[in-house]
């Protein structure tokens, strides 16, 4: 992050940022929910006594507003690709809405540090463990960044399946089709821990990543079943 980004970034929230987030939810997320007849199941699985990481599959540019439906209009934080922040006058708005930049395709230690600070401040965080947008019914191998952040902040990860977003806004189009979407929220998964209370072993990261991967696939399959369609995408 640049020095300007450091000035704009706040680990927690203020009355202003919470209000702006709710306004954006009402003018962007709520209309999308109505337009695509989005349903959400499993909110009872969300932790109620502290921060957590929402881990959805990633099939569309719209998955960020769909992820915002997971926790109602409670403010959550998001990593956004750094190119979003190149327009100077938009950067303060993105930060206020809960986003912060990440350089995708490599280990961005600064972004991971910011993610941990956000969780330490008590806010929920959305991370897409698959990385960039994928396609198809299979949850692809996960990056371990989400697991690293969960371990450092000692917070659970909540697997989320978003089914239908790839049909709502297919690759190569800017139109949002009124096609049904379902979001399935699974039970939280604890972060990897160290048996000796010291350093988390590499094997623990790999093991919990496998658990998260399996749960993300399970809720994605269930979401596709409940929305009533499957791959390959047909009109």
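The values are calculated or read from the model by the stated rules, or taken from the named source; none is laboratory data. Computed from a predicted structure; not experimentally measured. We place every Cβ from the backbone using ideal geometry, glycine too, and count neighbours over all the protein chains shown.
Pairs linking a residue in region 176-202 that is at negative phi and at pLDDT below 80 to a residue that is part of a loop (DSSP other than H, G, I, E, B) and loosely packed, with under 13 Cβ neighbours inside 10 Å, with Cβ atoms under 8 Å and 6 or more positions apart or on different chains, do not occur.
For region 188-207, the candidate set comprises residues that are within 18 Å of the chain's Cα centre (by Cα) and surrounded by 14 or more Cβ atoms within 10 Å (Cβ to Cβ); within that set, the residue that is nearest to residue 144 (Cα to Cα) is 191.
With the condition kept exactly as written, say whether any residue in region 214-224 is surrounded by fewer than 16 Cβ atoms within 10 Å (Cβ to Cβ), part of a helix (DSSP H, G or I) and modelled with pLDDT of 95 or more.
yes
The residue that is farthest from residue 188 (Cα to Cα), counting only those in region 106-140 that are touching a helix residue (DSSP H, G or I) at 6+ places or on another chain (Cβ under 6 Å) and in a loop (DSSP other than H, G, I, E, B), is 139. I'm checking my understanding of the structure. Among residues of region 27-57 that are assigned to a helix (DSSP H, G or I) and within 19 Å of the chain's Cα centre (by Cα), which one is surrounded by the most Cβ atoms within 10 Å (Cβ to Cβ)? In this case the residue turns out to be 29. Being within 19 Å of residue 111 (Cα to Cα) and touching a residue at least 24 places away in the same chain (Cβ under 8 Å) is true for just one of 69, 76. Which residue is that? Going through 69, 76 in turn, the sole match is 76.
Among the candidates 131, 122, 136, the residue that is over 22 Å from residue 204 (Cβ atoms) and under 17 Å from the mean Cα position of the chain (by Cα) is uniquely 122. Criterion applied to 155, 160 was being modelled with pLDDT of 95 or more, part of a loop (DSSP other than H, G, I, E, B), in contact with a strand residue (DSSP E or B) (Cβ under 7 Å, 6 or more places away or on another chain) and surrounded by 21 or more Cβ atoms within 10 Å (Cβ to Cβ), and the one residue passing it is 155.
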